[in-house]
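Heads up: the structure comes next, in structure tokens.
Every number in this text was worked out from the coordinates using simple rules, so none of it is lab data. Remember, predicted model here, so these are calculated numbers, not experimental data. Cβ placement follows ideal geometry from the backbone for every residue including glycine, while neighbour counts extend to all protein chains displayed.
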Ligand code: V1D
Ligand code: CA
């Protein structure tokens, strides 16, 4: 096959990386470190049964559809499957304020009317309604991200997936944009107990404001969000000029895009931003939020991405062979979300899935084509010009030069498990393994050990000797 034999996205439902003409790909049978990555899949019990309300666009039921496709493609035979326990209150308090967690715990659709003064304080209402068993829902999706992060930290998996997580808008003390607790921040904090640097990437069409804000002052977490940016599009933040502050200056990157971006330009920009980001920051693990509202034909989104292109971002990040936490996020056409996340589960496993969807209990959701990659119907005009994209690319590369290498990481004692909260009978087999220090990867940090000392490790000129990295000057950021 020559380069010119590869179809373009618009001609083919599958992405052909043009590099594959010269670089052998692992799907071709070349053995690499991740030729058969160990993938752990987290699906909280009954997470698909929660309901935000009839007129609300967020449908947790999409997780049930996704899971059915995953099972239908028999992907459960290739990875470990986990029904994680709920996050404890104590675990939620690692990031969230206690009055907010207490409110989430107490509020019900019945008593909500008596708590109206708290509605404003905690930002619940139209976007973030109080629905039946809300607190359990939060504990379920956050528990899954925490278990997935622990799995990676203990080197019991190379990739851990939680499609019910990725709720990137939740703040320390308030709900926002359909998100109540921020499982991503909690998962990153868990990873930071053992690892010096975590890279967060967000391909949801909305700005990952909650995660950015939590780590805005830190140089141990670099956040990158690709999103639609305009004054009237939620949440209205994520301009190129938001770069982090204090020790975290240059450790927040934003890729603000306009309506209608297509596969070719998105992937080209994604790769040319992420490749130097990873080689410059040298993360010890990566968290990837895969919000599927960046797909074409989404009910809230206005991009033109195909599932193949969205999945290509996952494939590209996976190719760096770093511990990878893969999370869900937005996505408001249930059938597209399920196709996308099932496809991306296959990408994580290094498998090519048949374009004919398997039979499931929900087959009627996937008509009339019943394909994994149906053609996009109805494109939105692409308002991203070649020049505007080039400007973004150059500006970000410029910022990476300031970042100038991975930060120094100082010795810092890692607290042991806060409450010894994992009673052994609560744990699944994988989680029990996580407690065995001897199974951890050589050189990886252990619970109770000291974090890697990496003085003069590149540095951005702002790392300070003797002080833990990541400042804490704003109430909304976390102390790390
Ligand atoms: F259309 C609606 C119908 C009912 C309830 C809410 C909405 C709705 C659509 N878009 N709400 C929004 C966005 N909110 C506003 C508010 C109007 N106010 C002044 C602000 O525009 C919120 C969009 C949230 C997107 C969430 C997400 O996709 O990023 C996500 N990520 O992880 C989980 C969800
Ligand atoms: Ca985003």
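What fraction of the Cα pairs in region 37-401, stated in percent, has a spacing above 32 angstrom? Intermediate values should be presented prior to the final figure.
On the way: 17028 of 66430 pairs.
The calculated P(r) of region 37-401 puts 26 percent of pairs beyond 32 Å.
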Checklist outcome for this item: Full extension between residue 371 and residue 264 adds, at 0.36 nm per residue less the Cα distance, a length in nm of 36.3 nm
Checklist outcome for this item: residue 133 and residue 98 label points (each 7 Å along its Cα→Cβ direction) are spaced in nm at 2.9
Checklist entry - Once you put a point 7 Å from the Cα of residue 356 and another 7 Å from the Cα of residue 395, both along the Cβ direction, what distance in nm separates them? => result 4.9
Checklist entry - Size of region 232-292 along its principal axes in angstrom, Cα-based, largest extent first? => result 34, 25, 18
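In what sequence do 85, 393, 315, 299 fall when counting other Cβ within 10 Å, fewest first?
Values: 85 21, 393 15, 315 18, 299 11.
Ordered by Cβ neighbours within 10 Å, fewest first: 299, 393, 315, 85.
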Checklist entry - Rg(Cα) of region 226-355 divided by 2.2 N^0.38 Å? => result 1.07
Checklist outcome for this item: Rounded to 0.05, the calculated FRET efficiency for the beta carbons of residue 320 and residue 108 at R₀ = 51 Å is 0.70
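For a quick check: sort 52, 370 by the number of other beta carbons within 10 angstrom, fewest at the front.
Values: 52 18, 370 15.
Going from sparsest to densest Cβ surroundings: 370, 52.
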Checklist entry - Which ordering of 275, 213, 359 is given by a fewest-first count of other beta-carbon atoms within 10 Å? => result 359, 275, 213
Item to check | Gain upon complete extension [residue 55, residue 90; 0.36 nm per residue less C-alpha separation] | outcome: 9.3 nm
